[in-house]
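First up is the structure itself, then whatever we jot down about it.
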Number of protein chains: 2
Amino acid sequence: MDRLTLHEDPRSGNCYKIVLTAALLGKPLNRVQYDIMKGETRTPEFLRDVNANGRIPVLQVGDRFLPESNAACWYLAEGSALIPAEAFDRADMLRWMFFEQYNHEPNVATLRFWLQFVGEANLTPFQQGQIMAKRAGGEAALAVMEEHLTARDWFVGGSVSLADIALYAYTHVCEAGGFRLHDYPAVCRWLKRVSALPGYVAMD
Amino acid sequence: MDRLTLHEDPRSGNCYKIVLTAALLGKPLNRVQYDIMKGETRTPEFLRDVNANGRIPVLQVGDRFLPESNAACWYLAEGSALIPAEAFDRADMLRWMFFEQYNHEPNVATLRFWLQFVGEANLTPFQQGQIMAKRAGGEAALAVMEEHLTARDWFVGGSVSLADIALYAYTHVCEAGGFRLHDYPAVCRWLKRVSALPGYVAMD
């Protein structure tokens with residue numbers, strides 16, 4: 001099998017998804033770390049050799065490069081029980097992964113990044129002006145998750161899938177972005193289910 | 001096979017992706033239309049019966065409901081040549097589909113919606129204040145596409161895949177959002193390749 005290398009910033013939940021997927025599958029992963037706060041993913045070398053979009057994570061498979069966290073999780077998990085065997089469920093898993101990138105991450109992850117790593121006092125006026133909308137968007141995403149999990153243990157079917165891993169990454173640290181997890185009891189029970197999985201590793 | 005029904009607003013490029021995928025595959029699709037400008041996807045009935053997230057498109061497969069345009073395209077295309085047979089290419093196709101939802105759609109599609117359907121004079125001050133950032137984000141996404149397509153006919157491998165369909169939907173109408181297609185010649189050549197595919201249907 002091709003050597004797997006993760007180009008990452010370990011503070012990023014998007015990178016953690018890939019680390020957690022590999023851990024649950026028992027696949028070894030080399031890790032190369034960059035500091036996004038220092039612009040290390042915007043250098044000419046990074047843009048040329050790793051990702052023209054200037055973002056981490058990127059999963060390197062031999063000499064090929066795969067950006068986008070959820071695509072990398074898919075690559076690692078193909079053929080495993082982390083991807084449902086039934087066709088509708090497989091598409092439904094992708095549905096929650098697209099929901100994560102569209103409705104959840106730009107709100108929940110961005111507020112964590114701004115408040116925990118940049119610092120509220122250092123935000124630009126444009127960023128300051130977006131906080132309320134991102135708070136509302138993140139709460140709406142968490143409410144959709146809460147409603148879905150009220151009658152279910154996992155997002156799709158009867159066992160853990162990549163949908164759970166993708167949504168776990170930023171949900172379990174959302175309080176750093178000012179969200180209140182105790183408002184979402186079904187989400188809290190599901191977070192415990194994920195962290196009790198055999199092979200689970202915590203975020204750095 | 002289960003009956004396929006698309007819950008859609010035909011002005012939405014996200015809905016068009018599914019229509020185009022079904023057309024290229026020769027799969028019949030029933031279509032139920034809603035007017036998002038009139039809030040028809042936010043009614044209690046829609047939220048309860050179709051999508052708790054209040055969004056279209058939703059692909060109905062028998063009595064199951066699948067939100068998220070790119071997940072619906074995946075469901076329709078599984079087992080067809082629109083999904084690459086090679087594992088890395090399959091993940092790389094998903095990579096471009098996540099790029100589309102994260103970097104392209106929130107900028108390129110949103111500006112088209114605001115300028116063509118809402119009207120610039122009717123935007124809220126908050127929306128007005130986001131135009132410049134969405135313009136820059138959309139141009140950056142188009143530049144990533146331009147660079148990728150300069151040496152390639154299709155986004156992944158040697159033939160059309162769902163990555164092309166997902167990115168085509170809002171790119172081919174991006175001028176309605178104020179983007180200039182002639183700044184991206186490789187993108188323009190690729191748009192013509194997509195519209196020349198057997199079975200291609202235009203957006204309503």
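What follows is calculated from the coordinates using simple rules that are stated; it is not laboratory data. Remember, it's a predicted structure, so these values are computed and weren't measured experimentally. Positions of Cβ are generated from backbone atoms using ideal geometry, with glycine treated the same way; all protein chains shown enter the neighbour counts.
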(request) Run down the lysines and flag those whose C-alpha is under 19 Å from the C-alpha of A:LYS134, throwing out any fewer than 8 positions away in its chain. (result) B:LYS134
(request) May I ask you to list the lysines whose Cα is less than 24 Å away from that of A:LYS192, ignoring any residue fewer than eight positions away on the same chain? (result) A:LYS17, A:LYS27
(request) In nm to one decimal, list the spacings between the A:ALA202 label point and its equivalents in the other copies, with label points set 7 Å along Cα to Cβ, shortest first. (result) 6.0
(message) Give me the dipole magnitude in Debye, nearest 20, for region B:153-204 about the Cα centre, with unit charges on the beta carbon: positive for Lys and Arg, negative for Asp and Glu.
(response) 120 debye
(message) With +1 assigned to the C-beta of every Lys and Arg and -1 to the C-beta of every Asp and Glu, and no other charges, what is the dipole magnitude of region B:10-108 about the Cα centre in debye, to the nearest 20?
(response) 260 debye
(request) Could you pull out the GluC sites (Glu not before Pro) across region B:82-182 that fall in loop regions by DSSP (anything but H, G, I, E, B) with no more than 15 other Cβ atoms inside 10 Å? (result) B:GLU86
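Restricting to bridges with both residues inside the protein assembly as shown, how much of the DSSP beta-bridge set is antiparallel, in percent to the nearest 5?
Beta bridges within the protein assembly as shown, antiparallel portion: roughly 65 percent.
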(request) Would you work out if region A:143-204 is rounded, prolate or oblate? Take a ≥ b ≥ c from the square roots of the eigenvalues of the alpha-carbon gyration tensor; rounded if a/c is under 1.5, else prolate when a/b is larger than b/c, oblate otherwise. (result) oblate
(request) Pairs of Cα atoms under 8 Å, at least six residues apart: use those to get the relative contact order of chain B, whole percent. (result) 25 percent
(request) Before anything else, pin down the relative contact order of region B:83-174: Cα pairs under 8 Å, at least 6 apart, normalised by residue count, whole percent. (result) 45 percent
(message) Please report, for B:GLU86, the nm distances (one decimal) from its label point, 7 Å out from Cα along the beta-carbon direction, to the equivalent points in the remaining copies, shortest first.
(response) 3.4
(message) I'd like to know which of A:LEU66, A:MET37, A:LEU25 lies farthest towards the positive end of the charge dipole of region A:4-77, counting +1 on Cβ of Lys and Arg and -1 on Cβ of Asp and Glu.
(response) A:LEU25
(request) Of the options B:CYS15, B:GLY177, B:SER159, report the single residue whose Cα projects farthest towards the positive end of the charge dipole of the protein assembly as shown (beta-carbon charges: Lys, Arg +1; Asp, Glu -1). (result) B:GLY177
(request) Treat every Asp and Glu Cβ in chain B as -1 and every Lys and Arg Cβ as +1, leave all other atoms uncharged, and give the resulting dipole magnitude about the Cα centre to the nearest 20 debye. (result) 180 debye
(message) Need the C-alpha centroid separation for region B:36-114 versus region B:158-181, integer Å.
(response) 15 Å
(message) I need two numbers for the protein assembly as shown: Rg to one decimal and Dmax as a whole number, Cα atoms only, in Å.
(response) 20.2, 57
(request) Quick one: among A:SER80, A:SER12, A:SER69, which has the greatest mean-square fluctuation in a GNM of chain A with alpha-carbon springs under 10 angstrom? (result) A:SER80
(message) Using a 7 Å offset from Cα along the direction of the beta-carbon, what are the separations from A:MET37 to the same position in each other copy, nm, ascending?
(response) 4.7
(message) Please report the antiparallel percentage of the DSSP beta bridges confined to chain A, to the nearest 5.
(response) 65 percent
(request) Can you bin region A:1-128 into rounded, prolate or oblate? Criterion: square roots of the alpha carbon gyration tensor eigenvalues sorted a ≥ b ≥ c, rounded for a/c under 1.5, prolate for a/b above b/c, oblate for the rest. (result) oblate
